[in-house]
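The structure under discussion appears below in the form of structure tokens.
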Amino acid sequence: MADESQGGFFSDLFAPVAGFGVTFATMFRKVATQEYPEVKWPTQPRFHGRHQLNRHPDGLEKCVGCELCAWACPADAILVQGGDNDDERGLRFSPGERYGHIYQINYLRCIFCGLCIEACPTRALTMTNEYELADNNRADLIFTKEQLLAPLQEGMLPAPHPMVEGMEERDYYQGKVATATPEQRTWVEQHAAARAEQDAAASVGTDETGEAR
């Protein structure tokens, strides 16, 4: 077998430097690094981010507490406990018979697969484009219903409150409800005033030490 050809003096001299050719060539190019978090690039429209519990146009919750999302979750990250709506006591949170009384998502377990939103029969649960969920406390990564509920938009009222008069549950899902009615607003204002009076009466019945008389 023939011996390999020997390099010249200059080739042997610059051989160690030749390996840095790519490094030297990229030193003067424009940096393509994303300067996060100072610069945040938008996500794709169908990005699987933090979950959101949606509302109907009048503010009632879409979640009916069926627990199908919890059953569909492969990571066992969702906890749902349904409750019964009670019109007599003024406790109606959704148009159906039941609502999601307790709703929690453990983001320490969630794998953002989206199976939960596919299982939801009322489109109550969707996924947003929010992805900043890091935290230094494990307990803060268990999101509750209050954290997951969509914010109130124009024309909505915070639940509980009655359904739109003359409407049934299916009317809500058929898009026949566009906004809260004046009757619903009056009901919410009256019950808010009544709760304020009850809280004031309860505060009068306590002494300076905070103990009931």
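Numerical summary
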{"read-out": "Helix 9-18 axis, angle to the chain major axis (alpha carbon atoms, nearest 10°)", "value": "0 degrees"}
{"read-out": "Kirkwood Rh and Cα Rg combined as Rg/Rh, segment 100-213", "value": "1.08"}
{"read-out": "Residues of type lysines that K176 reaches as a straight line, Cα spacing below 28 Å, ignoring anything fewer than 8 places off in the same chain", "value": "K62, K145"}
{"read-out": "Vicinal HN-Hα couplings computed from phi for segment 85-93 (Karplus, 6.51 cos²θ - 1.76 cosθ + 1.60; Hz; Gly/Pro x)", "value": "5, 10, 5, 5, 9, x, 10, 10, 10"}
{"read-out": "DSSP bridge pairs, the chain: antiparallel proportion in percent, nearest 5", "value": "95 percent"}
{"read-out": "Where R46, R92 fall by accessible area, highest first, once all protein chains stay in place (1.4 Å)", "value": "R46, R92"}
{"read-out": "Estimated 222 nm signal from helices in the chain, with DSSP H stretches of n ≥ 4 weighted -39500 (n - 2.57), rounded to 500", "value": "-7500 deg cm²/dmol"}
{"read-out": "Sulfur and carbon atoms: percent of accessible area, the chain [1.4 Å]", "value": "54 percent"}
{"read-out": "Label selected from [x] 25.5; [y] 11.3; [z] 12.4, the criterion being mean projected area of the Cα convex hull in nm² as computed here", "value": "[x]"}
{"read-out": "Å² of accessible area per residue within segment 48-203, as computed with a 1.4 Å probe and no ligands counted", "value": "57 Å²"}
{"read-out": "The chain, dipole about Cα centre (Lys/Arg Cβ +1, Asp/Glu Cβ -1), debye to the nearest 20", "value": "600 debye"}
{"read-out": "The chain: Cys lacking any partner C-beta under 4.7 angstrom", "value": "C63, C66, C73, C110, C113, C120"}
{"read-out": "Taking the chain and dividing mean pair separation by its residue count, relative contact order in percent (alpha carbons under 8 Å, at least six apart)", "value": "23 percent"}
{"read-out": "Computed P(r) (all Cα pairs; segment 1-114; 10 Å bins; percent)", "value": "10, 21, 18, 12, 9, 10, 9, 6, 4, 1"}
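The values are calculated or read from the model by the stated rules, or taken from the named source; none is laboratory data. Model, not experiment: these values are computed from the prediction. Neighbour counts run over all protein chains shown; Cβ positions are idealised from the backbone, glycine included. Note: areas computed on protein heavy atoms with side chains; ligands, DNA, RNA excluded. Shrake-Rupley method; radii C 1.70, N 1.55, O 1.52, S 1.80 Å.
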